[in-house]
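None of the figures in this text is laboratory data; all of them are computed from the coordinates on show. Just so it is clear, the model here is predicted, and its values are computed rather than measured. Positions of Cβ are backbone-derived with ideal geometry, glycine not excepted, and every protein chain shown enters the neighbour counts.
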Amino acid sequence: MIKVKNLTKQFGDFTAVDNISFNVEKAEIFGFLGPNGAGKSTTIKMLTTLLHPTSGEIEINGINPALHQDKVRESFGIVFQDPSLDEELTAYENMNFHAVLYKVPPEIRKPRIEELLNFVELWDKRNEFVKNYSGGMKRRLEIARGFLHHPKIIFLDEPTLGLDPQTRNYMWNYINDLNKKEQTTVFFTTHYMEEADRVADRIAIIDHGKIVASGTPEQLKAQTGKDNLEDAFLELTGSKIREEEASGLDRMRMRSKMWRRR
Amino acid sequence: MSTIYILWLRQIKRYLRSRSRIIGSLGQPVLFLVALGFGFGPIFQKAGQGSYIEFLAPGIIAMSILFTAIFSGVEMIWDRQFGFLKETLVAPVSRLNIMIGRVFGGATASVFQGIIVLIISMIAGFRVHSVGLILLSLVFMILISLLFTALGTAIASMLEDFQGFQLIMSFLVMPLFFLSGALFPIQGLPEAMKIVASVDPLSYGVDGLRFALTGASHFGIGIDFAVLTIITFLLLVAGSFLFSRIEV
């Protein structure tokens, strides 16, 4: 379903993703793990047409995103790591906007929005502006929005960050359901190793832009001789704390600051 | 079609909800109308040019459209910063449609703004030349709106944050306005200024609008219409190209 070959992304002389290759099969739940700044989000952005790779090949659902952007976008859905809601619209309007953009048929639009907003317990607040929402509520809305249409592949970039255990549990049940019923392929990143251990069929661990290990959670544990994934992860990536890679925006700010000082 | 509609609707909702912005952006045209209109009125009259308010009002309408339109386009930088741009960019719709929806939405808001200023100028003493030609003035308002919303969107496609916004205001928007013949007749200008005014697309917008509202024109209505249409089209093409290349 997802094929990646020798994928590389450079920002100036910084290599964010360094010659990685992997495959994700149809209906597989694939965990993509790594410390901060390892290249997870950059990879997801390239898979979802938001960034152009420096080199290498990607195939999503048999389509090359570099050549057929619009076509590729029809086959996936994504929940972003950072906020992507319109704060000036209400929760319902955000959902409806998404449903129209993703061509959810009009007759199932309303019931599904209601179902999902109930699922994240925001139905009562559907007519409030998102700017008045708390951080947790925004996150829940974002998750609900990601499930509005049922794509062939769903990308989840740290979806459970900041969610309470109840919502988290509910979310994974929903994803498992989609995965079983509609054969949805799931590609997710997380920092919660216990979560990855529980839900992922297969895992790849990326560090410094390179894939350092991949396999089932059991294989990774066996490979490192540890009895839980957290220890295996630390064994593979070391225990040094990483600096978060600057986003495009931060880099831009830095550049413009330097420019002004000159 | 539904993509264009929902993006248009979003722009309209955002516009109507930002009351402070609507009112705020009316302050400037009102000030210009009153201060310049009444301030320069007597001199203009003495110079044998007739009523200055009559001359100025179409220019001020064009100005308020210019500002609203450019801002609607540049507003996309907010979307980028708040992350909402990503949401639209990964959607399974063509970026051309996204761009068109945005531009139409911004342009509609700008036309609305232009109509409000027209009404305000009428309160200030401006009289339209012929009621039948009001429809023609609407055509020009739409053209000016489309042109500058497309320009704003094209610019916003190249900017990552608001750092460059001041630069755009001082080196693009302000010159576009002040050199356009919105405030003074182009006829009597020195040759160099005349040339500058004739490469400023807003000149043709102001001129067309002035013809529709007062019956006077410098370039001729046909040329105004043709120039605006062609430039709008070119900007839409350039804007879609830049928009399609956005990376987040």
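Take every DSSP beta bridge with both residues inside the protein assembly as shown and express the antiparallel ones as a percent of the total, to the nearest 5. Numbers along the way, then the final one.
On the way: 19 of 35 bridges.
About 55 percent, rounded to the nearest 5.
Using R₀ = 35 Å, calculate the FRET efficiency as 1/(1 + (r/R₀)^6) where r is the Cβ-Cβ separation of B:Leu31 and A:Glu128; round to 0.05.
E(calc), rounded to 0.05, equals 0.45.
Can you give the log10 of the normalised intensity I(q)/I(0) at q = 0.15, 0.26 Å⁻¹, computed with Debye over equal Cα scatterers of the range B:21-93?
Here the Debye-derived log intensity ratios amount to -0.64, -1.08.
Please give the direction-averaged projected area of the C-alpha convex hull for chain A, in square nanometres with one decimal. Provide the component values of the computation, followed by the final result.
Values: hull surface 61.9 nm².
Average of the hull's projected areas for chain A equals 15.5 nm².
Let me check I have the definition right: for the range B:2-56, take the eigenvalues of the Cα gyration tensor, multiply each by 5, take square roots. What are those semi-axes in whole Å, largest first? If you can, show how the numbers build up before the last one.
On the way: eigenvalues 297, 38, 4 Å².
Semi-axis lengths for the range B:2-56 are 39, 14, 4 Å.
Using each residue's phi in the range B:12-29, evaluate 6.51 cos²θ - 1.76 cosθ + 1.60 at θ = phi - 60° and report the 3J(HN,Hα) Karplus result to the nearest Hz, with x for Gly and Pro.
With coefficients 6.51, -1.76 and 1.60, one gets 5, 4, 4, 5, 5, 7, 9, 4, 4, 5, 4, 5, x, 7, 8, x, 4, x Hz.
Just in the range A:137-233: which trypsin sites (Lys or Arg not before Pro) are loop by DSSP and have at most 16 other Cβ atoms within 10 Å? Kindly include the intermediate steps, with their values, before the conclusion.
On the way: sites: A:Lys138, A:Arg139, A:Arg140, A:Arg145, A:Lys152, A:Arg168, A:Lys180, A:Lys181, A:Arg198, A:Arg202, A:Lys210, A:Lys221, A:Lys226; in loops: A:Lys152, A:Lys226.
For trypsin sites (Lys or Arg not before Pro) across the range A:137-233 that sit outside H, G, I, E and B with at most 16 neighbouring Cβ atoms in 10 Å, the list reads A:Lys226.
At 7 Å along Cα-to-Cβ for each site, give me the label-to-label distance between A:Phe11 and A:Lys110 in nm.
4.5
Jot down the per residue volume, in cubic angstrom and as a whole number, of the convex hull over the alpha-carbon atoms of chain B.
For chain B, the hull spanned by Cα atoms encloses 125 Å³ per residue.
Give me the one-decimal nm value for the distance between modelled label points at B:Phe38 and A:Leu67, 7 Å along each residue's Cα-to-Cβ direction.
Placing both labels 7 Å beyond Cα along the Cβ direction yields 6.9 nm.
Work from the charge dipole of the protein assembly as shown (Cβ charges, +1 for Lys and Arg, -1 for Asp and Glu, about the Cα centre) and give the residue of A:Tyr133, B:Ile144, A:Gly209 farthest towards its positive end.
In the protein assembly as shown, that residue is B:Ile144.
Among B:Ile77, B:Ile115, B:Ile223, which one moves the most in a GNM of chain B with springs linking Cα atoms closer than 10 Å?
Greatest mean-square fluctuation among the candidates belongs to B:Ile223.
Taking each residue of B:161-170 in turn, how many C-beta atoms of other protein chains fall within 10 Å of its C-beta, and what is the average? Before the final figure, lay out the partial values.
Values: counts 4, 0, 7, 1, 0, 0, 0, 0, 0, 0.
That works out to 1 on average.
Over all distinct alpha-carbon pairs, what is the Kirkwood Rh of the protein assembly as shown in angstrom?
Values: mean 1/r = 0.0394 Å⁻¹.
For the protein assembly as shown, the Kirkwood estimate is 25.4 Å.
Would you tell me the mean number of C-beta atoms belonging to other protein chains that fall within 10 Å of each C-beta in B:90-103, as a whole number?
Values: counts 15, 12, 14, 7, 3, 3, 1, 2, 1, 0, 0, 1, 0, 0.
Across the residues of B:90-103, the mean count of other-chain Cβ atoms within 10 Å is 4.
What residues have an amide H closer than 5 Å to that of A:Ile203, excluding those fewer than 5 places away on the same chain, when H is modeled at 1.01 Å from N in the peptide plane?
Sorted by chain and number, the residues that satisfy this are A:Gly31, A:Gly215, A:Thr216.
Treat each spin label as a single point 7 Å out from the Cα along the C-beta direction, and report the A:Asn19 to A:Gln219 distance in nm.
With each label point 7 Å from Cα toward Cβ, the separation is 2.2 nm.
In vacuum, with every alpha carbon of the range A:98-201 counted as one equal point scatterer, what does the Debye formula give for log10 I(q)/I(0) at q = 0.11, 0.14, 0.16, 0.21 Å⁻¹? Two decimals, please.
The Cα Debye sum returns log10 ratios of -0.34, -0.56, -0.74, -1.24.
Sort B:191-198, B:118-125 by the packing proxy (mean of other Cβ within 10 Å over each peptide's residues), most packed first. Walk me through the numbers before you get to the answer.
Values: B:191-198: 13.9, B:118-125: 15.9.
Highest to lowest by the protection proxy: B:118-125, B:191-198.
Nothing charged except the Cβ atoms of Lys and Arg (+1) and of Asp and Glu (-1): what's the magnitude of the dipole of the range B:2-244 about its Cα centre? Round to the nearest 20 debye.
On the way: 14 positive and 10 negative charges, 117 e Å.
In total the dipole reaches around 560 debye.
I'd like the GluC sites (Glu not before Pro) in the range A:24-124 restricted to DSSP loop residues with at most 15 other Cβ atoms within 10 Å, sorted by number.
Values: sites: A:Glu25, A:Glu28, A:Glu57, A:Glu59, A:Glu74, A:Glu87, A:Glu88, A:Glu93, A:Glu107, A:Glu114, A:Glu115, A:Glu121; in loops: A:Glu25, A:Glu28, A:Glu74, A:Glu87, A:Glu88, A:Glu121.
Of the GluC sites (Glu not before Pro), the ones in loops of the range A:24-124 whose Cβ has at most 15 other Cβ atoms within 10 Å are A:Glu25, A:Glu121.
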